[in-house]
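Readers should treat all values here as calculations from the given coordinates under stated rules, not as data from a laboratory. This is a predicted model, so every value here is computed, not measured. Cβ coordinates were reconstructed from backbone atoms using ideal geometry, including for glycine residues, and neighbour counts include every protein chain displayed.
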Amino acid sequence: MERLRIAPRADYVRRVEAQGLSFHARSGYWTEDACYRLTTDEVETIESATAELESLYCEALDRVIEQGRLGELAVPTEFHDVLASSWRSGAPSLYGRFDLAYDGHSPPKLLEYNADTPTSLLESAVIQWTWREDVHPEADQFNSIHERLIAAWAKLPEQGPVAVACLTDQEEDWVCSAYLLDTLVQSGRGGAIVDLADVGWDPTQQIFVDESSCPIRQLFKLYPWEWLMREEFGPHLLNCRTLFIEPMYKAAFSCKGMLALLWEYFSHHPNLLETHRSPASLTSYARKPLLSREGQNITLVRERVKVEELGGDYGEEGYVYQALCPLPSFDGAHPVIGSWIVAGEPAGIGIRESSGLITTDQSRFVPHWF
């Protein structure tokens, strides 16, 4: 694995904007002056680790539900039975993203699982693939995300059009949702983007409805389950006829409390970092809120000395303490591998890098090839 300095395509701004990446210039998010080259063995290592981690999460959730420990994952008590039912019934899942620390030498280490509402999907699936076709047409890329998303939509139960719901005034969410709608349409299914503010409730039919009061039988929502559960209409989620994508059990997967439970169940697994609900014997660790996004409220401690911290609005539900795993450094850049899961299978990667050790929404996306 190596980072290479390269010349951007002369017309890359026009190209990425035409493909829908409207926020490419934000903090240099997509600039094309660097790329990562991996080997085939490294790609296979990442793919294998991703499949293994998905399996560990599935086995861990079986145990969590059997042992009655959903409360440790910040799931409100009234949702325990419904969440367990969504898992046991095999409610369909579309996608998720493991964030991994990997230097090309040591085994990939799990930092967290963005199981519920991961973005950076368009740039992973399409933007970097087109870059590879233009810049390295002779090479390959670990990337079958687009094709797998189309296939996954096609396998979902047919219940009419799918409402793709998000906060449409949030640019990154809208871009991700628009791309997902495109893959949905390419699968042969119908659908439309719906602003979450326009989703209502029909008490007679016990179903969520759109702004025209039409029943929503399938709803993809780019909005976290932990927020939905705590909204005013949260109680309607307990007994409704709308099929949600992602399913409710993703609320358990996406909670960082799972990192501590994974270590408890599978301690010393090569792809896991030691993690607890208190610092315990750790002197160097990352303190992470159970529920947080975009690196907010993460504190990095090395030998009991704080070395980096990011503010935010999370932490009320508690924290986990994960053994510090400094990201590798390539020319002063610290990459995180975002390894995508589609319909339960590894599908490809996207690489985000930053000058600091905490990856945030300002971290830039860098394409790869092998």
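Here the Debye sum runs over all C-alpha atoms of the range 211-370 as equal scatterers in vacuum, and log10 of I(q)/I(0) at q = 0.13, 0.14 Å⁻¹ comes out as -0.78, -0.89. Taking the Cα centre of the range 19-127 as origin and assigning +1 to Lys and Arg Cβ atoms and -1 to Asp and Glu Cβ atoms, the resulting dipole is close to 260 debye. Considering only beta bridges that DSSP places wholly inside the chain, some 75 percent are antiparallel. As a ratio to 2.2 N^0.38 Å, the alpha-carbon radius of gyration for the range 288-370 is 1.21. Packing, as the average of other Cβ atoms within 10 Å across residues, places the peptides 42-49, 294-301 in the order 294-301, 42-49, highest first. Just list whichever of Lys221/Lys306; Lys221/Lys256; Lys109/Lys155; Lys155/Lys221 have alpha carbons separated by over 29 Å in the model shown. Over 29 Å apart, Cα to Cα: Lys221/Lys306; Lys109/Lys155.
For the chain, a simple Cβ point-charge model (Lys and Arg +1, Asp and Glu -1, everything else neutral) yields a dipole of about 380 debye relative to the Cα centre.
Would you work out if the range 88-193 is rounded, prolate or oblate? Take a ≥ b ≥ c from the square roots of the eigenvalues of the alpha-carbon gyration tensor; rounded if a/c is under 1.5, else prolate when a/b is larger than b/c, oblate otherwise. Show your work: numbers first, answer last.
Numbers: a/c = 1.72, a/b = 1.38, b/c = 1.24.
Prolate is the answer for the range 88-193, as a/c is 1.5 or above and a/b outweighs b/c.
Under a crude label model (7 Å from the Cα following the beta-carbon direction), how far is Glu211 from Ala25 in nanometres? A separation of 2.9 nm, rounded to one decimal place.
Return the calculated 222 nm mean residue ellipticity for the chain, to the nearest 500 deg cm²/dmol, obtained by summing -39500 (n - 2.57) across DSSP H runs with n ≥ 4 and dividing by the residue count. Please list the in-between numbers first.
On the way: 9 runs with 96 residues, N = 370.
Calculated from helices alone, the mean residue ellipticity at 222 nm is -8000 deg cm²/dmol.
GNM on the chain, alpha-carbon springs under 10 angstrom: the most fluctuating residue among Tyr285, Tyr102, Tyr265 is Tyr265.
Please work out the ratio of the alpha-carbon Rg of the range 126-254 to 2.2 N^0.38 Å and round it to two decimals.
Numbers: Rg = 16.6 Å, N = 129, 2.2 N^0.38 = 13.9 Å.
Cα-based Rg divided by the globular estimate yields 1.19.
Among the GluC sites (Glu not before Pro) in the range 105-147, those placed in a DSSP loop whose Cβ has at most 13 other Cβ atoms within 10 Å are Glu138. Convex hull volume per residue, computed on the Cα atoms of the range 251-292, equals 78 Å³. Label separation (Asp313 vs Glu17): 3.1 nm, computed from points 7 Å beyond Cα along the C-beta direction.
Helices meeting the span-like rule in the chain (full DSSP H runs, Cα extent of at least 24 Å along the helix axis, mean Kyte-Doolittle score of -1.0 or higher): 40-66.
Just rank Thr204, Thr275, fewest to most, by other beta-carbon atoms within 10 angstrom. List each step's numbers first, then the result.
Numbers: Thr204 6, Thr275 25.
Exposure proxy ranking, most exposed first: Thr204, Thr275.
Can you sort Glu303, Glu2 by how many other beta carbons sit within 10 Å, fewest first? Numbers along the way, then the final one.
Working: Glu303 8, Glu2 11.
Sorted ascending by nearby Cβ count, the order is Glu303, Glu2.
Using only C-alpha positions, report the orientation-averaged shadow area of the convex hull of the chain, nm², one decimal. Kindly include the intermediate steps, with their values, before the conclusion.
Values: hull surface 71.5 nm².
Quarter of the Cα hull surface area: 17.9 nm².
Sorting 308-315, 177-184 by their mean Cβ neighbour count within 10 Å, with the most densely packed peptide first, gives 177-184, 308-315.
Computed log10 I(q)/I(0) for the range 1-91 at 0.13 Å⁻¹: -0.77, from the Debye equation with unit scatterers placed on every C-alpha and solvent omitted.
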